[in-house]
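**Student:** My questions all concern the structure below.
The values are calculated or read from the model by the stated rules, or taken from the named source; none is laboratory data. This is a predicted model, so every value here is computed, not measured. No Cβ is skipped: glycine too gets one built from the backbone with ideal geometry, and neighbour counts run over all protein chains shown.
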Amino acid sequence: MRAVQVKEFGGPEVLVPVELPDPEPEAGEVVIDVAYADTLFVETQVRSGWGREYFDVTPPYVPGGGVSGTVTETGPGVPAEWLGRRVVSHVRGSYASRAVAAVSALTVVPEGVDLLTAAALVHDGVTGAGLIERTEITRGERVLILGASGGMGTLLVQLAAARGARVVGLARGAEKTSLVRELGALTAIDISAGEWVTRAREALGGAADVVLDGVGGELGASALPLTADGGRFSAHGAPSGGFAPVDAQKAADRGIRSFGIGDVQFAAAELGRLAGYALEEAAGGRLRAVIGKVFPLERAREAHTAVERRTVVGKVLLEC
């Protein structure tokens, strides 16, 4: 099968197209002919050597963890009706033309959702829907979303707005802020224009009931004081190079509940439920996956470059 490997830790140039043996399913597993593979910012960080305390990978390895495609082979004990089904799944090593997944990790793609859209939701749809649930966003609450124009940020804007929240989104540049407003934010603030904290506080009417930080670093740290007493702060993203530091005692003193990356690590049953929810919302026209660019599998290094440079609005996907 065709695949892309990280030959050593480093820049995008370490992503190398290779030929690998076709995978064979074991009991309870299927083989998926991959249509599209998801990409995440964290995959570029892991490729560079960051986060080794969180991610147990050693080169050479096939990166990626989410696919959409069609089941073409089943292992022992798997009902034959799975053959030919369009599915999404979390897998280990998705930058490949074929992938093995346990039947328990499959979610059927509903009619009306194409495999490109499904791939854009396999990770971000799950995490976004899970975050909205974990932070218990309700109608009328003020929600501040950092990284609102990214693959997951665009979903969070829509999901929070659908719950009746008053959404303020942070993005960089006129094109991205325009998209954030189009997706349902009452206000979109261009962080490149300066004084964004002051403008965000004004837009929020003082503070946010919920802050969803998908950026981390200094930007995320600057957003923590914008959280209202008794509010919720989620530091789930680190594309800036690290998660936003949260002083647990100070947060507790103000009655702020804080959430981290561990709060969006879901058990298999939850993964399937959340993936099914995101796909059904897309099928019903209530959730739009914003896809910025699709690269052929063999051009994965270009995809990583685009992700790192933030030159694409929305998701970057690989066509396999």
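**Student:** Go through Val6, Val14 for me and flag whichever is touching a residue at least 40 places away in the same chain (Cβ under 8 Å), more than 25 Å from Ile291 (Cβ to Cβ) and crowded, with 16+ Cβ neighbours inside 10 Å. Even if it seems obvious, please write down each step before you answer.
**Tutor:** Working: Val6 fails: more than 25 Å from Ile291 (Cβ to Cβ).
So the residue among Val6, Val14 that is touching a residue at least 40 places away in the same chain (Cβ under 8 Å), more than 25 Å from Ile291 (Cβ to Cβ) and crowded, with 16+ Cβ neighbours inside 10 Å is Val14.
**Student:** Now for a different question. Can you confirm whether Ala267 is without any contact (Cβ under 8 Å) to a residue 12 or more places away in the chain and within 30 Å of Met1 (Cβ to Cβ)?
**Tutor:** On the way: without any contact (Cβ under 8 Å) to a residue 12 or more places away in the chain: yes; within 30 Å of Met1 (Cβ to Cβ): yes.
Yes: the conditions hold for Ala267.
**Student:** Counting only residues that are assigned to a loop (DSSP other than H, G, I, E, B) and crowded, with 20+ Cβ neighbours inside 10 Å, which one in region 178-234 is modelled with the lowest pLDDT?
**Tutor:** Of region 178-234, the ones assigned to a loop (DSSP other than H, G, I, E, B) are 183-186, 194-195, 205-207, 214-216.
Then keep just the ones that are crowded, with 20+ Cβ neighbours inside 10 Å; that gives 183, 185, 214-216.
Numbers: Leu183: 97, Ala185: 98, Gly214: 84, Val215: 82, Gly216: 78.
Per the stated criteria, the residue is Gly216.
**Student:** Here is a further query. Going through Val71, Val78 one at a time, which residue ends up being in contact (Cβ under 8 Å) with a residue 40 or more places away in the chain, surrounded by 15 or more Cβ atoms within 10 Å (Cβ to Cβ), assigned to a strand (DSSP E or B) and in the same structural domain as Ser104 (by TED's automatic domain parsing)? Steps first, please.
**Tutor:** Working: Val78 fails: assigned to a strand (DSSP E or B).
From the options Val71, Val78, the qualifying one is Val71.
**Student:** List every residue pair whose Cβ atoms lie under 6 Å apart, where the two residues are 6 or more positions apart in sequence or sit on different chains, the first residue falls within region 25-43 and is farther than 25 Å from Gly77 by Cβ, and the second residue, located anywhere, is of a type in the set (Gly, Ala, Ser) and in a strand (DSSP E or B).
**Tutor:** Ala35/Ser68; Ala35/Gly69; Tyr36/Ser68; Asp38/Gly66
**Student:** Consider Ser94 carefully, then state whether it is in a loop (DSSP other than H, G, I, E, B) and touching a residue at least 12 places away in the same chain (Cβ under 8 Å).
**Tutor:** For Ser94, the condition - in a loop (DSSP other than H, G, I, E, B) and touching a residue at least 12 places away in the same chain (Cβ under 8 Å) - is met.
**Student:** Continuing with the same structure: Suppose we filter region 21-41 for residues that are of a type outside the set (Ser, Thr, Tyr), outside any strand (DSSP E or B) and buried (at least 16 other Cβ atoms within 10 Å of the Cβ); how many remain? Reasoning before the result, please.
**Tutor:** Going through region 21-41, the residues of a type outside the set (Ser, Thr, Tyr) turn out to be 21-35, 37-38, 40-41.
Then drop every residue that is not outside any strand (DSSP E or B), which leaves 21-28, 40-41.
Among the residues that remain, those that are also buried (at least 16 other Cβ atoms within 10 Å of the Cβ) are: 23, 25, 40-41.
Qualifying residue count for the region: 4.
**Student:** Go through region 162-177 and count every residue that is outside any strand (DSSP E or B), in contact with a helix residue (DSSP H, G or I) (Cβ under 6 Å, 6 or more places away or on another chain) and buried (at least 22 other Cβ atoms within 10 Å of the Cβ).
**Tutor:** The number of residues fulfilling the criteria is 0.
**Student:** Another one. Is region 287-296 home to any residue that is in a helix (DSSP H, G or I) and either more than 24 Å from Val62 (Cβ to Cβ) or not aliphatic (A, V, I, L, M) (or both)?
**Tutor:** Checked region 287-296: no residue is in a helix (DSSP H, G or I) and either more than 24 Å from Val62 (Cβ to Cβ) or not aliphatic (A, V, I, L, M) (or both).
**Student:** Oh, and also: Working carefully through the options Gly112, Gly84, find the one that is more than 24 Å from Gly28 (Cα to Cα), part of a loop (DSSP other than H, G, I, E, B) and not basic (Lys, Arg).
**Tutor:** Answer to the check: Gly112.
**Student:** Report whether or not Ser48 is more than 24 Å from Gly10 (Cα to Cα), under 20 Å from the mean Cα position of the chain (by Cα) and of a type in the set (S, T, N, Q). Please lay out each step first, then the result.
**Tutor:** Numbers: more than 24 Å from Gly10 (Cα to Cα): no; under 20 Å from the mean Cα position of the chain (by Cα): yes; of a type in the set (S, T, N, Q): yes.
No; evaluated as a whole, the condition is false for this residue.
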